[in-house]
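**Q** Quick one: this structure, given as structure tokens, is what I'll be asking you about.
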Amino acid sequence: KARDVLHIPVVGNGDVTSLEDARRLLAETGADGIMIGRGAAIDPFVFQRVRSGLCGSDDIQTDAEEAEMLVQMLRWHVDSIARAQKNPDARKAQIARIDRMKLLGKFLLHDNANFRDNLLRQPSSEQPSADAFEQALVALLRSEWRSHRRTRQRRARVNTFS
């Protein structure tokens, strides 16, 4: 083990997407800490879950609270992009807003068939409006964040996001 020969803290990484992954990595490597990368892209709350689990605290939000935080983050992100772009063509601005929401949805709901089949596949230019797309995405996040997060072990794949 690297930790046995080095005199500096050793940090392990690699496919940490859950508390169980973090515990496994620490047990197998004896590392002093862990890094989380792609796991955070598919579950922004993974840091809190890992920290709480390893430190023995119960500082975790409910699924509904997490979903509402995701909705706030989605709206803030999309609004900040829209303000920065200042596109004079209203339809192009709408399409850009939908594209940004699709990108966030790909990360947060990457293995959700409902998102993929009903929101992602329809071209942005064929969506009725960015507001309608946002409403549909928000409703999906609120209804499926819990089941989506817990139904199976989620693995981040690089090509999922491209």
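The values are calculated or read from the model by the stated rules, or taken from the named source; none is laboratory data. This structure is a prediction, so every number in the text was calculated from the model and none was measured. Protein only, heavy atoms only, side chains kept; ligands, DNA and RNA dropped before computing areas. Shrake-Rupley method; radii C 1.70, N 1.55, O 1.52, S 1.80 Å.
**Q** Express the carbon and sulfur contribution to the solvent-accessible surface of the chain as a percent, rounded to the nearest whole number, probe 1.4 angstrom. Walk me through the numbers before you get to the answer.
**A** Working: 4990 of 9430 Å².
On the chain, the fraction of accessible area on carbon and sulfur atoms equals 53 percent.
**Q** Let me ask something else. Would you work out the relative contact order for the chain, in percent, from Cα pairs under 8 angstrom that are 6 or more residues apart?
**A** On the way: 153 pairs, mean separation 35.6, N = 162.
So the answer I get is 22 percent.
**Q** Give me the count of lysine pairs in the chain whose alpha carbons sit under 28 angstrom apart, restricted to pairs 8 or more positions apart or on different chains. It would help to have the intermediate numbers written out before the result.
**A** On the way: LYS86/LYS102; LYS86/LYS106; LYS92/LYS102; LYS92/LYS106.
Count of close lysine pairs: 4.
**Q** How far is helix 63-85 tilted off the main Cα axis of the chain, in degrees rounded to 10, range 0 to 90?
**A** Its long axis makes an angle of about 60 degrees.
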